[in-house]
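Chemist: After the structure tokens below, expect a handful of questions from me.
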Amino acid sequence: MTGLNAIGRSLLRDDADIVKSSSAGKRRISSGARWLKTLISIQPGLMLAWFVMAVVVLWALFPQWFTSYSPTVGVARQQLRAPSAEHWLGTDALGRDLLARIIHGAGNSLSGAFVAVGVGLVLGTTLGIVAGSARGRIDGAIMRGVDVLLSIPQLLLSLSIVILLGFGILNAAIAVGVTSIASFARLARSEVVRVRASDYVEAAFGSGGTFSRVLWRHILPNSLTSVIAFAALQLGWAILTISTLGFLGYGAPPPTPEWGLLIAEGRNYIARAWWLTTVPGLVVILTVLSANRISQSLGKNKA
Amino acid sequence: MTAAISIEPASTDVSNTPVLEISNLAVGYRGGEGFQRVVHEVSLRVRPGEVVALVGESGSGKTTTAQAVIGLLAENGRLESGAVRLNGTDIAGWSPKRLDTIRGSKISLIPQDPTSSLNPVRTIGDQVAEVLQIHRQGSRKQIDARVIELLARVGLSEPELRARQYPHELSGGMRQRVLIAIAIALRPALIIADEPTSALDVTVQKRILDLIDELRREYGTAVLLVTHDLGVAADRANHIVVLKGGRIQEQGPTADVLGSPRSEYTRKLLADAPSLGKVRSIHRTRSTRTGASDDAVVVENLVQDFSVGGRREIFRAVDDVSFTVQRGTTHAIVGESGSGKTTTARSIVGFQKPSSGRIRVDGIDVTNLRGEDLRRFRRTIQLVYQNPFASLDPRQTIFQIVEEPLLNFDPVPREDRAKKVHAILDRVGLPQSTLTRKPHALSGGQRQRVAIARALVLDPQVLVLDEAVSALDVTVQAQILALLDELQQALGLTYLFISHDLAVVRQISDTVSVLRDGRQVDGGRVEDVFRNPGSAYTRELISAIPGQRNASLRPFQ
């Protein structure tokens, strides 16, 4: 999946930066001011964001490392227990461990988000690149289509698509992805148009480059940076939207742990068991904020 | 807070107290590498009514010095030590608030870029009035009257109308006049002019410099003129300070500095400045070779129209231009911005179809080329762009950049390509170690060499140089010009040299076409055009070349 790859790549790059700046700090510690500067350059907020993301990804990949409880099978007589040493986040109405459900839910929510971003990234960027490089009538036709897509409220659009495709986590993810095609297309098109107008692209044509070569060698690499940063931003948004669909009951069917569904299920017990809605809600918020912070730093790296 | 000192309003009395005295100034910037000092031990004086020119290349610290005087250093800049005395009072340690009391009234600034220095959403009148309001110069009505007076004084026609207009409605030269009006509004003792004309055409530059001169005489204001152009300094300054790497290389009265330069660097600058240095002998050697009547480029009655504002209106960018260029010679197309010189070049390279007329390059009719034929044709003619920062893909290495044209045509084995790239890099005088770097790690001059290498790697017949040396410092410019000459001798290249700079054109061209508003107003052999200009406009262009006033002082003639 392209989105995942890109994020992995930028994770490496970011780490390299951090290593570089901290070793530079070690080389000459002459004053307190330099220490402070090194600290600021590491950016604790960004570190925290990467940490949160890493934990969530690990949850999704290896849930068994973090909990031994089953996310779907409850234990009778242990219903609606408050957080304790045994069940860190308490249990739900069926006696299932909430932490286990959140950890196992990460896989569903995250893979859903990746599918959604993947759909938007691939289809949207392709449309944008075609529009930006073809110009003229093709550009006009594609971009007016995109305008139509943008004019429909996103939640309404994704609900309609889920209803068309049928309920389920994958369909919800696809629905969310389709609604983000328009934004990706717009961004990709504007970047392609910007890069196309640059002297080095003209020079590439001027030295006998064919259209596809120039597109591949210059236009794509130079316009995709912002698109990738935007994809990271969309990841947070996709988690949120998929949770919304789950909450409304259009996502994963009930026994499956999914963050939106967890919040929806806990809603009925909010007076007796506040943790059932609050904790999954906090997890969603933290994950989305982290994705946003990371995307921001990717955008800055480009500049 | 009122100024604690009394700074004499500028008067014509030539007392010996300097208006500005900088002593042992040191300025540095905080950056990724820690604190870096960029101005070292700079000392200079500006006496009343005097023009002192601060001359240097980019990175010499000239602008930093000027900014330190008026307290406008960038946020990470710091004035480390030294004194800045304005009429005897040290203002070096003053807070920004305290400096506000003298900015505009005692010292003012004419900034470099007239397009970004005016607020686009406020009228010209408002912006001139602002400085008067800040320093409380009378009632609204009085201020309005004064604004009109000032706009008239700086030579703007219809000042009442101008006061109501917005910056985008004015040309570059007019905007610079507005900025001058703001600078002189309170009759300051000192005006700092930071490259006031670098963004303007040469004829406009001359008029603006004349205006500054005239106002200086009238008001007795002293001027600290920051410029990279030694020609401008030679014409306008009483006193020249040459900076390099943040240190003063040499300073003294203009005549002395130009007539008998003491430092090696000044001598080099003088030799490299196209407007000051001797007329080169470069093209003298060439005339012997150009016997064969063999034309590399033939342009006949070229017309280029563009549609503007929908499809009704037509703008004629190039109107009936014709010239021929012999193989192995250099033809210059000269004109100011908007004269159609770049449009002409782009038509010749085949980036746009002419509306009418014929262009033949190396015997091929460019006007009828399409698709694959056009692509094949690109081997014969290559374009080098003005800005080497924009014409190289920031993501490619130098090797990839230079190699790329070779991939576009008949397949060449990998080793041969590498060999060719190495050879061409030697040719343009770049070390092989640059091959693995990316453009951002190179200087402007090195990048332009890369751009030339990329253009040459296909062995073209004709090279079109679109203001290819305009963005470079004079010494780098001189190196690139020498390189171009050497390449022409060695490879028999034909150059089409697009430029606004007549001094450079005189140095390297054999023939020239002068364009104005898309029309060809003059043309022929360079010496003939310079000796007997065929039009009033050519005469005006030639007389606007800076550095001619004190021609007798030049050491090289």
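The values are calculated or read from the model by the stated rules, or taken from the named source; none is laboratory data. This structure is a prediction, so every number in the text was calculated from the model and none was measured. Cβ atoms come from the backbone with ideal geometry, glycine included; neighbour counts cover every protein chain shown.
Chemist: Please work out which one of (1) touching a residue at least 24 places away in the same chain (Cβ under 8 Å); (2) buried (at least 16 other Cβ atoms within 10 Å of the Cβ) is the condition B:T115 fails and give its number.
Modeler: Condition not satisfied by B:T115: (2).
Chemist: Quick one: which of B:R454, B:R519 is in contact with an Asp or Glu (Cβ under 6 Å, 6 or more places away or on another chain) and either surrounded by fewer than 21 Cβ atoms within 10 Å (Cβ to Cβ) or more than 24 Å from B:D229 (Cα to Cα) (or both)?
Modeler: B:R519
Chemist: Now a separate question. Mind counting the residues in the range B:244-270 that are part of a strand (DSSP E or B) and of a type outside the set (V, I, T)?
Modeler: Residues that pass the stated criteria total 7.
Chemist: Counting only residues that are at pLDDT below 85 and surrounded by fewer than 15 Cβ atoms within 10 Å (Cβ to Cβ), how many does the range B:263-289 have?
Modeler: The number of residues fulfilling the criteria is 7.
Chemist: Within the set of pairs 6+ apart or on separate chains, which have a first residue in the range A:44-71 that is over 11 Å from A:I103 (Cβ atoms), a second that is basic (K, R) and part of a helix (DSSP H, G or I), and C-beta atoms under 7 Å apart?
Modeler: Here the result reads A:G45/A:R293; A:L46/A:R293; A:A49/A:R293, each pair linking the range A:44-71 to a residue that is basic (K, R) and part of a helix (DSSP H, G or I).
Chemist: Now a separate question. Could you check B:T344 against (1) modelled with pLDDT under 90; (2) in contact with a strand residue (DSSP E or B) (Cβ under 7 Å, 6 or more places away or on another chain); (3) of a type outside the set (K, R) and say which number it fails?
Modeler: (1)
Chemist: If you take the residues in the range B:504-557 that are modelled with pLDDT under 85 and basic (K, R), which one is farthest from the chain's Cα centre (by Cα)?
Modeler: B:R554
Chemist: Part of a strand (DSSP E or B) and either at pLDDT below 85 or farther than 26 Å from B:T538 by Cα (or both), is that true of B:V297?
Modeler: Against the criterion (part of a strand (DSSP E or B) and either at pLDDT below 85 or farther than 26 Å from B:T538 by Cα (or both)), B:V297 does not qualify.
Chemist: I want to confirm something. Restricting to the range A:194-214 and keeping residues that are hydroxyl-bearing (S, T, Y) and closer than 15 Å to B:N387 by Cβ, which single residue is nearest to the other protein chains (Cβ to nearest Cβ)?
Modeler: A:Y200
Chemist: Which numbered condition trips up B:Q488, out of (1) modelled with pLDDT of 90 or more; (2) part of a loop (DSSP other than H, G, I, E, B); (3) of a type in the set (S, T, N, Q)?
Modeler: (2)
Chemist: Now, a different point. Scan B:D459, B:D485, B:D466 and give me the residue that is surrounded by fewer than 19 Cβ atoms within 10 Å (Cβ to Cβ) and of a type in the set (D, E, K, R).
Modeler: Exactly one of B:D459, B:D485, B:D466 is surrounded by fewer than 19 Cβ atoms within 10 Å (Cβ to Cβ) and of a type in the set (D, E, K, R), namely B:D459.
Chemist: Among residues belonging to the range B:344-363 that are within 14 Å of another protein chain (Cβ to nearest Cβ) and part of a helix (DSSP H, G or I), point out the one that is nearest to the chain's Cα centre (by Cα).
Modeler: In this case the residue turns out to be B:A345.
Chemist: Here is a follow-up. Could we say that B:L79 is over 27 Å from the mean Cα position of the chain (by Cα) and assigned to a helix (DSSP H, G or I) here?
Modeler: no
Chemist: Looking only at residues in the range A:289-299 that are modelled with pLDDT under 85 and of a type in the set (S, T, Y), which one is surrounded by the fewest Cβ atoms within 10 Å (Cβ to Cβ)?
Modeler: A:S297
Chemist: So, in the range B:45-59, exactly how many residues are crowded, with 24+ Cβ neighbours inside 10 Å and either part of a loop (DSSP other than H, G, I, E, B) or of a type in the set (K, R) (or both)?
Modeler: Count: 1.
Chemist: Take the range B:248-262 and flag every residue that is over 17 Å from B:R236 (Cβ atoms), of a type outside the set (S, T, N, Q) and loosely packed, with under 15 Cβ neighbours inside 10 Å.
Modeler: The one that is over 17 Å from B:R236 (Cβ atoms), of a type outside the set (S, T, N, Q) and loosely packed, with under 15 Cβ neighbours inside 10 Å: B:R262.
Chemist: Going residue by residue through the range B:131-147, is there one that turns out to be in contact with a helix residue (DSSP H, G or I) (Cβ under 7 Å, 6 or more places away or on another chain), assigned to a loop (DSSP other than H, G, I, E, B) and within 24 Å of B:L225 (Cβ to Cβ)?
Modeler: Checking the range B:131-147: not a single residue is in contact with a helix residue (DSSP H, G or I) (Cβ under 7 Å, 6 or more places away or on another chain), assigned to a loop (DSSP other than H, G, I, E, B) and within 24 Å of B:L225 (Cβ to Cβ).
Chemist: Among the residues of the range A:72-93 satisfying the criterion of being among the small types (G, A, S) and under 25 Å from A:A252 (Cα atoms), which is surrounded by the most Cβ atoms within 10 Å (Cβ to Cβ)?
Modeler: A:G90
Chemist: Please count how many residues of the range B:183-225 are of a type in the set (A, V, I, L, M) and under 13 Å from the mean Cα position of the chain (by Cα).
Modeler: Here the count works out to 4.
Every residue, every condition in (1) within 14 Å of another protein chain (Cβ to nearest Cβ); (2) surrounded by 18 or more Cβ atoms within 10 Å (Cβ to Cβ); (3) farther than 30 Å from A:V130 by Cβ, yes or no:
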| residue | (1), (2), (3) |
| --- | --- |
| A:V192 | no, yes, no |
| A:R217 | yes, yes, no |
| A:T225 | yes, yes, no |
| A:L235 | no, yes, no |
| A:P255 | no, no, yes |
| A:E258 | no, yes, yes |
| A:V279 | no, yes, yes |
| A:V283 | no, yes, yes |
| A:T287 | no, yes, yes |
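Chemist: Evaluate the following for B:T330: is it modelled with pLDDT of 90 or more and more than 13 Å from chain A (Cβ to nearest Cβ)?
Modeler: It is true that B:T330 is modelled with pLDDT of 90 or more and more than 13 Å from chain A (Cβ to nearest Cβ).
Chemist: Filter the range A:260-277 down to residues that are in a loop (DSSP other than H, G, I, E, B) and not charged (D, E, K, R) and give me whichever is surrounded by the most Cβ atoms within 10 Å (Cβ to Cβ).
Modeler: Filtering first and then ranking leaves A:A273.
Chemist: Out of the residues in the range A:159-190 that are touching a residue at least 24 places away in the same chain (Cβ under 8 Å) and not in a helix (DSSP H, G or I), which is nearest to the other protein chains (Cβ to nearest Cβ)?
Modeler: Here the answer is A:G168.
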